[in-house]
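Take a look at the structure set out below.
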Amino acid sequence: MKQLVDKLFETNNLSSAEYKELIDNRTPELSEYLFEKARAVRIQNYRHDVYIRGLIEFTNYCKNDCYYCGIRKSNRKAERYRLTKEQILECCSVGYDLGFRTFVLQGGEDGYFTDEKIIDIISSIKAKYPDCAVTLSIGERSYESYKAFFDAGADRYLLRHETANAEHYGKLHPRSLSLGNRKQCLYNLKEIGYQVGCGFMVGSPFQTTDCLVEDLLFIKQLNPHMVGIGPFIPHHDTPFGDKKAGTVELTLFLLGIIRLMLPDVLLPATTALGTIHPKGRELGILAGANVVMPNLSPKSVRHKYMLYDNKICTGDEAAECLYCMKRRMESIGYRITISRGDHKSIR
Ligand code: SAH
């Protein structure tokens, strides 16, 4: 198996049969070998720097009904909220003073936030903080909407593809949502000129190794600037409330593989990874990740943006979250930097 890791390290590519072989035959020893290579590549590209993104969860209203997600439309128990533009700008102000230079606006697909409102929010942030990047993570919209947001100043867009296998996609989503449309959105975003992030949940219900192989091949083909992966974690008020969570072990292994496939990709150690293991984010960095996304949402709404059970950092102020993260990164020999943290191809 080590030869496959070496081959991936040298060529940034494997065949689907080889990915399958690698994933199915992984051992703790092989993982450690993979992580060593992944760290070497990551350090060569980004030294020991860890980029931070300030996550602003600005609405938990959603018109979609994804079976895994705690803020799905049918979850009547979710207490819904929206931040005002002023509240969002206040999050940015707190974040800026703490050293954040990227703001990620994430939310459910909330019709209240029309293109006009989103454009107004983007342009207000960019006017006040011209040295900062704005990342959107607000789901599927038309080419025209994406273009208008880009023209208003949005720099990046996160839209996880969730799974690259159409049949599997159908088991995670209602019929109104399709993998074809999700992929089209990603191609549109790329064409418009965004730095684009795709990604998937590890260990989502009905996922097989073949699904993961398809995810890897799709990622290689899309060649995104960012890839967000984290374990699936059940939420008790969803149809998947009694399904098993994904594992730290497989998530880390896939992080390592993705680092070798796309040597300079921006790869977060996600909150979900930190939720299923107390040192999940540190382990993610040590497996090749180079981004963390501390929460900048107002403390009063954090417990309402519950995508899954037991989500961490819902009780802390932004500053506490950042200091905690700084300590965590320093404890493993890495450092958080004050910068936009663009993809290498942009600078
Ligand atoms: N509405 C936006 C943002 C979705 S939330 C969009 O459609 O892109 C961001 C990500 O959280 C999702 O893409 C999904 O991969 C992840 N997520 C949702 N529910 C989850 C769960 N139960 N466990 C782990 N991750 C989850």
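An ellipsoid equivalent to the stretch 1-82, defined through the eigenvalues of its Cα gyration tensor, has semi-axes of 39, 20, 11 Å when rounded to whole angstrom and sorted largest first. Report the net charge of residues surrounding V248, where surrounding means a beta-carbon distance below 15 angstrom and charges are Lys +1, Arg +1, Asp -1, Glu -1. Overall, the nearby charge balance is +1.
For the pair the stretch 38-114 and the stretch 280-347, the centres of their Cα atoms are 11 angstrom apart.
For the stretch 97-196, the solvent-accessible area works out to 39 Å² per residue, with a probe of 1.4 Å and every protein chain left in place.
Gyration tensor analysis over the Cα atoms of the chain returns equivalent ellipsoid semi-axes of 29, 23, 20 Å (largest first, whole Å).
Here the peptides 307-320, 263-276, 150-163 are ranked by packing, the mean other Cβ count within 10 Å, and the order with the highest first is 263-276, 150-163, 307-320.
Could you work out how far apart the two model spin labels at H343 and N13 are, taking each label as a point 7 Å from the Cα in the direction of the beta carbon, and quote it in nm? The answer from the label model is 1.8 nm. Absence of a disulfide-compatible partner, taken as no other cysteine beta carbon within less than 4.7 angstrom, is noted in the chain for C62, C91, C92, C132, C185, C198, C211, C313, C321, C324. Applying a threshold of 24 Å to the alpha-carbon distances of K37/K220; K117/K304; K244/K326 flags K244/K326 as lying beyond it.
Note that the stretch 146-161 has calculated 3J(HN,Hα) couplings of 4, 5, 5, 5, 4, 5, 7, x, 5, 9, 9, 9, 9, 9, 4, 7 Hz, one per residue in order, obtained from phi through the Karplus relation 6.51 cos²θ - 1.76 cosθ + 1.60 (θ = phi - 60°); glycine and proline are x. Shown for the chain: the carbon plus sulfur share of the solvent-accessible area, taken with all protein chains present and a 1.4 angstrom probe, equals 51%.
Shown here are the Rg and Dmax of the Cα trace of the stretch 58-207, at 15.8, 46 Å. Spin-label model, H236/K73: points 7 Å from Cα along the beta carbon direction are separated by 2.6 nm. Between the stretch 200-218 and the stretch 136-176, what's the alpha-carbon centroid distance in Å? The two parts, judged by their Cα centres, are 18 Å apart. Measuring r between the beta carbons of R175 and E116 and using R0 = 30 Å, the FRET efficiency lands at 0.50. Translational diffusion of the stretch 268-347, estimated by Stokes-Einstein from the Kirkwood radius over alpha carbon pairs at 4 °C in a medium of 1.567 mPa s, is 96 µm² per second.
Mean separation of Cα pairs under 8 Å and 6 or more residues apart, divided by the residue count, gives the chain a relative contact order of 24 percent. Working note: Karplus 6.51/-1.76/1.60 with θ = phi - 60° gives the stretch 126-133 the couplings 5, 5, 7, 10, x, 8, 10, 8 Hz, where Gly and Pro are set to x.
Both radii were evaluated on the Cα set of the stretch 214-347; the Rg over Rh quotient, with Rh as the Kirkwood radius, amounts to 0.97. Take every DSSP beta bridge whose two residues both sit in the stretch 2-340; close to 5 percent of them are antiparallel.
Could you tally the net charge around V134, taking each other residue with its Cβ under 14 Å from the Cβ of V134, Lys/Arg +1 and Asp/Glu -1? Residues near V134 contribute +2 overall. Spin-label pair H303-T208: with each label point 7 Å from Cα along the Cα-Cβ axis, the two points sit 4.2 nm from one another.
Near T163: Cβ cut-off under 13 Å, other residues only, Lys/Arg at +1 and Asp/Glu at -1. The net charge is -1.
The values are calculated or read from the model by the stated rules, or taken from the named source; none is laboratory data. All values derive from a computational prediction rather than experimental measurement. In this analysis, Cβ positions are derived from the backbone assuming ideal geometry, glycine residues included, and neighbour counts consider all displayed protein chains. Accessible surface is based on the protein model in full, side chains and every heavy atom, while ligands, DNA and RNA are left aside. Shrake-Rupley method; radii C 1.70, N 1.55, O 1.52, S 1.80 Å.
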